[in-house]
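Step one of this worksheet: look at the structure below.
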Amino acid sequence: MTLNGWLQIALFMAAVLLLAKPMGSYMTAVFERRKTVLDVVLSPCERLLYRVTGVNPSEEMPWTQYAVAMLVFSAATLLLTYVVERLQHVLPLNPQHLPGVEPALAFNTAISFTTNTNWQSYVPETTMSYLSQMLGLATHNFWSAAVGLALAIAFVRGIARREMKTLGNFWVDLTRGTLWVLLPISVVFALVLVSQGVVQNFKAYDTVKLVEPQTITGADGKPTTITTQTIAQGPVASQEAIKMLGTNGGGFFNGNSAHPFENPTPLSNFLQMLSIFLIPAGLCVTLGQMVGSPKHGWAVLAAMVVLWFAGTLTTFWAESQGNPALHTVDAAVSQTASREQAGGNMEGKEVRFGIANSALFATVTTDASCGAVNGMHDSFTPLGGMVPMVNILLGEVAFGGVGAGLYGMLVFVVMAVFIAGLMVGRTPEYLGKKIEAFDVQMAMLYLLIFPLLILGFAAVTVLLPNLGLSSLANHGPHGLSEIVYAYTSATGNNGSAFAGLNANTHWYNDSLAAAMFFGRFMMVVPMLSIAGNLASKKIAPATAGTFPVTTPLFTVLLTGVILIVGALTFFPVLSLGPVLEHLLMHAGQLF
Amino acid sequence: MKKLFVTASLYTLVTAVLLGIVYPLAITGLAQLTMRAKANGQLIERNGEPVGSALIGQPFTGPGYFHSRPSAAGTGYDAGASSGSNYGPTNKALVDRVATSSKAESNGQPVPVDLVTASASGLDPDITPAAATYQIERVSKNRKVTTARLQALIDEHTQRRQLGLLGEPRVNVLQLNLALNALAPR
């Protein structure tokens, strides 16, 4: 762990915290429909959009109507993506003449992008045309993020409102999130990325002459000489910007944010990580402002920072140690950090990012539901790779996805005040609202669906060997980690992978699609029902017996609830996967 | 309910055109107007022919070149199929591959780890300054260039941390080898 590494990590968090307030205040203004600087340009667009689509912006929706609108919209966007992918061979902007995407894969991908997961069972360079990427996938990077934002705002209104039946208008929240928040930042960010070297063009892949032709042994055992290199191109920067900002994470290329055309420089890397946390951190401030208790927003943000720091510390430490298995080879390998090299476990990492930035990126992308990667999690050390998995297993509430992180965290807040209420024997209250049986039941449903999907699917895959074991790239406990990570990532709508697992099979495409679908929509419904129920309640004045949700004690309690729920649920499977692998690795065992 | 379906469909189509067509086209237009070389991948030409991209790594394995890292992209540095090896840390195939690479690269001292490990993208354009310096003796012998001259060449091509703080020091292997070819044509 180098001093410079710590400086970069500190700088990153300082930037996140500095931007939280302006970003949060701006989003409060956007969703409360107050004046903003962008109104001159955007308000006419907004009005035009409502007129064309028949939206009545002053209509208020109860939680059921809000949920149905969200579901129907998601279905419509899913269908569009499926059609574009299937028909890409007859549509324009396909200079590589790629064929239409197979049905199972197209379905998996459509679900994946609709649910903000961006799990990728395919190699984009050889599967998706430029039009599929732009119109089929990048659009979802906006939509699914805007849906997440809308849902979070609806939940916050549920807390803030009193004795009301409605949570706002889904279409208005969707529109304002897209036009005021996601699109303008993406435009600026995309151009900054181009300035760092991210490509943005529509030309066919380039072919260049290798400086040193290579002779390799072909599949038939005969030597072949390779004299050229094909370089994939495309409209990358425009997609990259919203891929990060919307915590989507689906790479334009297979290498994702490790690919030099997606993430060419340390500065582009820094900005990509920052853009993952920008909106989720800001939303905590928005929460505080909209419920009239700014300190509560900061207390929630503090819990997120604590969880983020614990993960970063662990991964940075584990990856800096290097891989002890490499000490056994005859010609010695140096994994020690020095002025001239980062050292550590460099398999699956890029030199320009080294250990600190790869560890930080892995933590950030799984704290949020982003899932972009700048290093291959499959090749991380056992404990270094466990952190991304644990981050998702805890529900991606440390910052979390755009919107999804905040509403996930608020479900944990409901649990935390409930447990605090039990401890002192009082009816639990959250910001003046009594938390009653219905709220807790729905919160428990939300918290139980998640492990049920992950552990259920993983268990079926492991127990029925013909289904999924042949897809493993690594054996022993690491193989179990690959499978558990896949369902964790899908259910948590993260999309990162232990990518050695070949998931482009019928079983994985279908079961992962189911995990992604239920992991998003089955959890959203109980969450919205809590919001609807909260909105209808009275607000009781605070008394001396009210549990304050603005103090460090609350932050500690909230963090504790998250860790205890996660540990109780997932410790057994983690001990059979990464923990066991860690012990065996240090005992010198290979698989 | 029918109204909802109409609204959802229209909303999808209108925003699809805005976000999926207008937005990327506008960014492409702006990028091509203001940052043409970067938007097109910073291709490097020699004698009127493209020989690579400043951002994408190439395989170098001969004794007269500075070697790049092992690559799991296609048959190696296939920039049409980026990929890491995805070997787990306890995978025997990983240890075997590292053993082969480190034997081939070794000059008697411990080999810098990046030189014997595959990158995440399989297209890593860089090696660490440690890995470049490590290869000086072999290259010097094969190219008949003094080690001092090669060290100067490496220093010249070493990119330090961006803004003095971000990332790690690195040497672009393709550009280093192109400079080597200019210095000592073969």
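When all alpha-carbon pairs of chain A are counted, what percent fall beyond 42 Å?
Working: 33441 of 174345 pairs.
The answer is 19 percent, as a whole percent.
With the convex hull of the Cα atoms taken as the outline of the range A:471-591, the averaged projected area works out to 11.0 nm². Here the range A:16-281 exposes an accessible surface that is 65 percent carbon and sulfur, computed with a 1.4 Å probe and the other protein chains kept in place. Once the 1.4 Å probe is applied to the protein heavy atoms, the range A:511-585 comes out at 41 Å² accessible per residue. Taken as entire DSSP H runs, the helices of chain A that both span 24 Å or more between Cα atoms along their own long axis and average 0.0 or more on the Kyte-Doolittle scale are A:3-31, A:63-86, A:139-160, A:266-290, A:294-320, A:404-424, A:437-463, A:552-574. Here each label is just a point 7 Å from Cα along the line to Cβ, and for A:ALA75 and A:HIS586 those points are 5.3 nm apart.
Between chain B and chain A, roughly 8900 Å² of accessible surface gets buried, counting both sides and using a 1.4 Å probe. Lysine pair count for chain A (Cα-Cα distance under 17 Å; residues 8 or more apart in sequence or on different chains): 9.
For the range B:42-183, carbon and sulfur atoms together expose 51% of the accessible surface, with a 1.4 angstrom probe and every protein chain in place.
Rounded to 0.05, the FRET efficiency of the A:PHE521 and A:TYR205 pair, given R0 = 51 Å and the Cβ-Cβ distance, is 0.85.
Summing charges over all other residues whose Cβ lies under 12 Å from the Cβ of A:ALA104, with Lys and Arg as +1 and Asp and Glu as -1, gives -2. Normalised by the number of residues in chain A, the average gap of Cα pairs under 8 Å and 6 or more apart makes the relative contact order 19 percent. Within the same chain, aspartates and glutamates fewer than 8 places from B:LYS2 are excluded, and of the rest, none has a Cα less than 12 Å from its Cα.
If you look at the Cα atoms of the range A:16-281, you get an Rg and a Dmax of 21.1, 77 Å. Just the Cα atoms of the range A:393-492, one point each, no solvent: what log10 I(q)/I(0) does Debye give at q = 0.16, 0.18 Å⁻¹? For the range A:393-492 at q = 0.16, 0.18 Å⁻¹, log10 I(q)/I(0) is -0.77, -0.87. Shown here: chain B, whose C-alpha atoms stretch 77, 44, 34 Å along the first, second and third principal axes, sorted largest to smallest. The length gained on full extension between B:THR75 and B:GLU45, counted as 0.36 nm times the residue separation minus their Cα-Cα distance, comes to 8.4 nm. Taking B:LYS144 as the anchor, which lysines have their alpha carbon closer than 25 Å to its alpha carbon, excluding any fewer than eight residues away along the same chain? Here the lysines satisfying the reach criterion relative to B:LYS144 are B:LYS103. Here the extension length gained between A:THR225 and A:CYS45 equals 59.2 nm, from 0.36 nm per residue of separation less the Cα-Cα distance.
The values are calculated or read from the model by the stated rules, or taken from the named source; none is laboratory data. Please read all numbers here as calculations on a predicted model, not as lab measurements. Backbone-built Cβ (ideal geometry, glycine too); neighbour counts: all protein chains shown. Note: accessible area is taken over every heavy atom of the protein model, side chains too, but ligands, DNA and RNA are not part of it. Shrake-Rupley method; radii C 1.70, N 1.55, O 1.52, S 1.80 Å.
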